[in-house]
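The structure appears right after this line, and notes come after that.
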Amino acid sequence: FHAAVNQLRPEPPLLLAVAVQTFGDPARAGAATVDQLNRILDTAMDETDSARIVRMGTASIYPDRLSVLREPSWRVVHQGRDGGPVRRHLGGLMHLCLDSYHSGRWDETAQLADEGLQLCEESGYSFFAWYFLYNKAIVAASRGDTDTAQTLTDRMADWATPRGVRSALDYARHVQAVASISDGDFESAYRHASAVSPPGRLAPYTPHALWLIFDLVESAIRSNHRVEAVDHVRALREAHVEEFSPRLALLLGGCAALACEEDDVALRLFDKALSAPGVDRWPFDRARVQLARGERLRRARETMAARNSLVSALQVFEQLGARAWAQRATKELRAAGWNVPRSDDQQKQELTPQEREIAQLAASGLTNKQIAEQLFISHRTVGAHLYQVYPKLGISSRAALRDALTALEASGFDG
């Protein structure tokens, strides 16, 4: 590939040359390449070529610049819905899914992923289905719906393994690592994260290794692999990943603090990472670092400071529906001597009539498509409602719907 690109005369187009680095091997792209990308993105709002917008998005994935392209990407999607090129439509959906996940718009991620899967099925672009399965799976894993996450990653692996599509397998391992952490199984999480790139090394041409840095270090620390965690922090610093992406700078700061044995130094690292400009753009990542900070403060008996950090993290986790992380934050708060009021009943009261109807039909065994046909709505709408229903009922899988609804009725809440 590099030999072919080097044959282009007089030189490769700048966007291609940048994408080769930021998407192909971002751990070695360097700050200069990111500066070039930023200059390209300065023209994004005025760009009318849908192919170029999608290529800008591809170059922006790992430097975490997709938010710059939200409006242009939506234009590409709207063009696709109006009959425009399917390939560009899919590209716009892919990039909006990823940006929505990182920015905390998880319901939007699930809805757009459903649209992408349907488009892949109808258009014949079946290769890209794994990408949308990943987006659905990472939301499910982050929300604690580990059964759904496992089902989706199994589909990804079953398709990718015989075809040798390593990138799809790396994405699947990312989901499995997050799902394992959600379940509190840090040894499994460490194994999945290490399979993408071993601790202490950022494997070449393995871009997704950058998205597992916090998962790897946290799971290493919590599964008695401290030496490996320290080695990985060293490798991240040597690669200067903080210069590549402000989100990675946040996560690197959290990783370094987790791997540090001195409480005072670790807390300074946490504070520096969390006080950087713009970290609110990544609510789940920020809340995970806040949770780790709160846990460290609680163990250092700094209970008031721990409470503030843990409450901030808990609020974000509850807003996102990240139930497993919310439970961890709640447990830490109680260990620090703070009472956390239960919000289960309040959440149950928020079930709307349509959500209740969809939940009852799903509990009876109907598929999303069958429910959609019965209610004269799209199956994507059904899926979106179910994603709202699960956290309100305090469940993480479709199989638990019947019991949850029965309990809801017995408690006297009519929704």
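Using R0 = 51 Å, the C-beta based FRET efficiency linking Phe127 and Arg301 works out to 0.40.
Between Asp49 and Gln327, the modelled labels are 5.1 nm apart [label points 7 Å from Cα along Cα→Cβ]. Averaging the Cα positions of each part gives two centres, and for the stretch 7-32 and the stretch 141-157 these lie 33 Å apart.
Where (i) 16.9; (ii) 45.8; (iii) 21.3 are the candidate values, the label of the one calculated here for mean projected area of the Cα convex hull in nm² is (iii). At q = 0.13, 0.25 Å⁻¹, what is the log10 ratio I(q)/I(0) for the stretch 42-145, with the Debye formula run over Cα points and no solvent? With one equal scatterer per Cα and no solvent, log10 I(q)/I(0) is -0.41, -1.41. Placing a label point 7 Å from the Cα of Gln319 along the Cα-to-Cβ direction, the residues of the stretch 276-295 whose backbone N falls under 19 Å from that point are 276-294.
How high is the relative contact order of the stretch 1-154? Use alpha-carbon pairs under 8 Å, at least six apart in sequence, and give a whole percent.
RCO, the stretch 1-154: 14 percent.
For the stretch 137-285, treating each Cα as an identical point scatterer without solvent, what Debye log10 I(q)/I(0) comes out at q = 0.08, 0.10, 0.13, 0.15 1/Å? After summing over all Cα pairs, the log10 values are -0.22, -0.34, -0.57, -0.76. Here the Debye sum runs over all C-alpha atoms of the stretch 153-207 as equal scatterers in vacuum, and log10 of I(q)/I(0) at q = 0.15 Å⁻¹ comes out as -0.42. According to the calculation over all Cα-Cα pairs in the stretch 81-123, the P(r) per 5 Å bin from zero is 5, 26, 32, 21, 12, 4 %. With a cut-off of 13 Å between beta carbons, the residues surrounding Leu269 carry a summed charge of -1, where Lys and Arg count +1 and Asp and Glu -1. Restricting the calculation to alpha carbons of the stretch 115-195 gives Rg and Dmax of 12.6, 41 angstrom.
At full extension, Gln118 and Asp147 could sit 8.2 nm farther apart than now, given 0.36 nm per residue minus the alpha carbon distance.
Surface composition of the stretch 170-261: carbon plus sulfur atoms hold 48% of the accessible area, using a 1.4 angstrom probe and ignoring ligands, DNA and RNA. Sequentially through the stretch 2-18, phi angles give Karplus couplings (6.51, -1.76, 1.60; θ = phi - 60°) of 5, 4, 5, 5, 5, 7, 5, 10, x, 6, x, x, 4, 4, 5, 4, 5 Hz, Gly and Pro residues having no value and appearing as x. Compactness check for the stretch 197-349: Cα Rg over 2.2 N^0.38 Å is 1.06.
For the pair the stretch 297-330 and the stretch 64-107, the centres of their Cα atoms are 32 angstrom apart. Which one, Pro85, Pro391, Pro162, has the greatest fluctuation when you compute a Gaussian network model over the chain with C-alpha springs under 10 angstrom? Of Pro85, Pro391, Pro162, the most mobile in the Gaussian network model is Pro162.
The values are calculated or read from the model by the stated rules, or taken from the named source; none is laboratory data. Owing to the predicted nature of the structure, the values given are computational and were not obtained by experimental measurement. A quick note on method: Cβ atoms are made from the backbone with ideal geometry, for glycine too, and the neighbour counts reach across all protein chains shown. Just the protein is used for accessible areas: all its heavy atoms, side chains included, with ligands, DNA and RNA removed. Shrake-Rupley method; radii C 1.70, N 1.55, O 1.52, S 1.80 Å.
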